[in-house]
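S.K.: There's a structure below that I have some questions on.
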Amino acid sequence: MKNRRNPAPQHTTDPWLAKGKVKTYRRGQRIIEAGSSQGDWVAISRGAAYLVSQVAPGTRVAVAALWLGDVIGGESPLGKLAARYDVTALVDVTTINIPLGQLQPDAPPPLPAETHDELYTATASRLHGQISMRLAGNGLQRLVSVMATLATALAPDSGTWQADRLALPISQACIGQLSGLSRRQTWIYLGQLSERGWVATSRSKVTLEALAAWLALMAEVETSGIDCIGTLEQCDMTLQRLSARALGMA
């Protein structure tokens with residue numbers, strides 16, 4: 001799963017960005033509805049959102065989180081002209097919206113092809129990686145990968161970390177849903193990770209401890225394979241190693 005930050009659209013003097021309309025969404029607000037027509041190219045410029053898929057009549061499943069730089073509108077991995085997922089704000093989200101008709105090659109200034117391709121590919125990689133982990137990982141692997149992904153999506157810049165910890169602004173239930181786990185399974189795994197000192201829980205909230213290790217975790221999984229978080233002991237050893245590495249570089 002690719003967790004590096006995408007090269008994101010910023011409020012600059014780029015001519016194509018000047019066409020964009022900035023929209024804001026509050027936490028929990030739906031940004032895109034599955035099945036709706038996609039008239040705009042949409043990129044996340046702030047915050048994070050989660051995707052929900054209807055897998056059967058009456059059954060909806062949260063499948064992935066997307067954040068800074070990801071494209072979620074028309075001509076994106078979420079659907080060319082019709083949305084394949086509901087997209088809902090995990091936290092407050094800001095997007096840049098540009099009508100698709102204004103991005104055609106004959107409608108200057110166009111969105112540079114290399115920028116479009118880079119953002120599309122990075123978003124597709126994030127989406128594919130999270131869905132693959134959901135299908136291939138065991139319960140602990142899914143939960144740990146989701147929390148590492150949320151750390152990357154929601155952590156502030158390294159210069160503003162507070163005591164190397166991050167309180168995730170979403171509930172345990174939402175974390176469990178993204179992991180494909182029941183509330184009880186989520187509670188059990190979080191309790192085990194809490195005993196090892198990697199998370200702190202209070203009511204429904206979760207705080208990640210040793211944030212630098214969590215931020216490095218998915219890159220380690222890509223390099224070493226998912227077995228490095230296959231059991232509680234393996235996950236503990238991997239996070240210890242990453243934490244020691246981060247402290248050594250400080």
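The values are calculated or read from the model by the stated rules, or taken from the named source; none is laboratory data. Quick caveat, the model's predicted, so the values are computed rather than measured. All Cβ positions, even for glycine, are placed from backbone atoms using ideal geometry, and neighbour counts span all protein chains on display. Accessible surface is based on the protein model in full, side chains and every heavy atom, while ligands, DNA and RNA are left aside. Shrake-Rupley method; radii C 1.70, N 1.55, O 1.52, S 1.80 Å.
S.K.: So which pairs qualify, if the first residue must be in the stretch 153-167 and closer than 18 Å to residue 218 by Cβ, the second must be in a loop (DSSP other than H, G, I, E, B) and at pLDDT below 90, the Cβ gap must be under 6 Å, and the two must be at least 6 apart or on different chains?
M.R.: 166/155
S.K.: If you don't mind, another one. State whether one or more residues within the stretch 73-80 are among the acidic types (Asp, Glu), modelled with pLDDT under 95 and under 30 Å from residue 168 (Cα atoms).
M.R.: No, that holds for no residue.
S.K.: Scan the stretch 53-65 and report the pairs whose first residue is without any contact (Cβ under 8 Å) to a residue 40 or more places away in the chain and whose second residue is among the hydrophobic types (A, V, I, L, M, F, W, C), with Cβ atoms within less than 7 Å and a gap of 6+ or a chain change.
M.R.: Short answer, once both residue conditions are applied: 53/61; 53/63; 54/34; 55/61; 60/52.
S.K.: Checking the structure you have, find out if any residue of the stretch 194-212 is among the hydroxyl-bearing types (Ser, Thr, Tyr) and in a helix (DSSP H, G or I).
M.R.: Checked against the condition, which is being among the hydroxyl-bearing types (Ser, Thr, Tyr) and in a helix (DSSP H, G or I), the stretch 194-212 yields at least one hit.
S.K.: Filter the stretch 69-98 down to the residues that are surrounded by fewer than 21 Cβ atoms within 10 Å (Cβ to Cβ), among the aliphatic types (A, V, I, L, M) and in a loop (DSSP other than H, G, I, E, B) and list them by number.
M.R.: Scanning the stretch 69-98 gives 81, 91.
S.K.: Let me spell it out: the conditions are (1) surrounded by 15 or more Cβ atoms within 10 Å (Cβ to Cβ); (2) in contact (Cβ under 8 Å) with a residue 12 or more places away in the chain; (3) more than 21 Å from the chain's Cα centre (by Cα), and residue 194 meets all of them except one. Which number is the exception?
M.R.: So residue 194 meets the others, but not (2).
S.K.: If you don't mind, another one. Looking for something modelled with pLDDT under 90, open to solvent by less than 40 Å² (accessible area, probe 1.4 Å), assigned to a helix (DSSP H, G or I) and not aromatic (Phe, Trp, Tyr) - is there at least one such residue anywhere in the stretch 123-130?
M.R.: Checked against the condition, which is being modelled with pLDDT under 90, open to solvent by less than 40 Å² (accessible area, probe 1.4 Å), assigned to a helix (DSSP H, G or I) and not aromatic (Phe, Trp, Tyr), the stretch 123-130 yields no hits at all.
S.K.: If you don't mind, there's one more thing I want to ask. How about the stretch 137-165: which of its residues are in a helix (DSSP H, G or I), at pLDDT below 90 and more than 23 Å from residue 89 (Cβ to Cβ)?
M.R.: Once the filter is applied, which keeps residues that are in a helix (DSSP H, G or I), at pLDDT below 90 and more than 23 Å from residue 89 (Cβ to Cβ), the stretch 137-165 yields 158, 159.
S.K.: For the stretch 208-250, enumerate the residues that are loosely packed, with under 15 Cβ neighbours inside 10 Å, in contact (Cβ under 8 Å) with a residue 12 or more places away in the chain, of a type outside the set (Asp, Glu) and within 20 Å of residue 139 (Cα to Cα).
M.R.: 224, 231
S.K.: Spot the failing condition for residue 111; the list is (1) modelled with pLDDT of 90 or more; (2) open to solvent by less than 20 Å² (accessible area, probe 1.4 Å), and only one is missed.
M.R.: Going through the list (1) modelled with pLDDT of 90 or more; (2) open to solvent by less than 20 Å² (accessible area, probe 1.4 Å), residue 111 breaks only (1).
S.K.: Please go through the stretch 166-191 and pick out each residue that is surrounded by fewer than 22 Cβ atoms within 10 Å (Cβ to Cβ), small (Gly, Ala, Ser) and outside any loop (DSSP other than H, G, I, E, B).
M.R.: 167, 173, 191
S.K.: Continuing with this model, one more query. What tally of residues in the stretch 37-49 results from selecting those that are over 13 Å from the mean Cα position of the chain (by Cα), more than 14 Å from residue 96 (Cβ to Cβ) and surrounded by 13 or more Cβ atoms within 10 Å (Cβ to Cβ)?
M.R.: The total comes to 2.
S.K.: Let me ask another. Here's a check for you: in the stretch 5-36, which residue that is under 23 Å from the mean Cα position of the chain (by Cα), at pLDDT below 90 and polar (S, T, N, Q) is least open to solvent (accessible area, probe 1.4 Å)?
M.R.: So the residue we want is 6.
S.K.: Has the stretch 27-37 got any residue that is in contact with a Phe, Trp or Tyr (Cβ under 6 Å, 6 or more places away or on another chain) and either more than 30 Å from residue 182 (Cβ to Cβ) or not in a strand (DSSP E or B) (or both)?
M.R.: yes
S.K.: So, one more: If a residue must be free of Cβ contacts under 8 Å to residues at least 60 places away in the same chain and open to solvent by 10 Å² or more (accessible area, probe 1.4 Å), how many such residues does the stretch 140-152 contain?
M.R.: Number of matching residues: 1.
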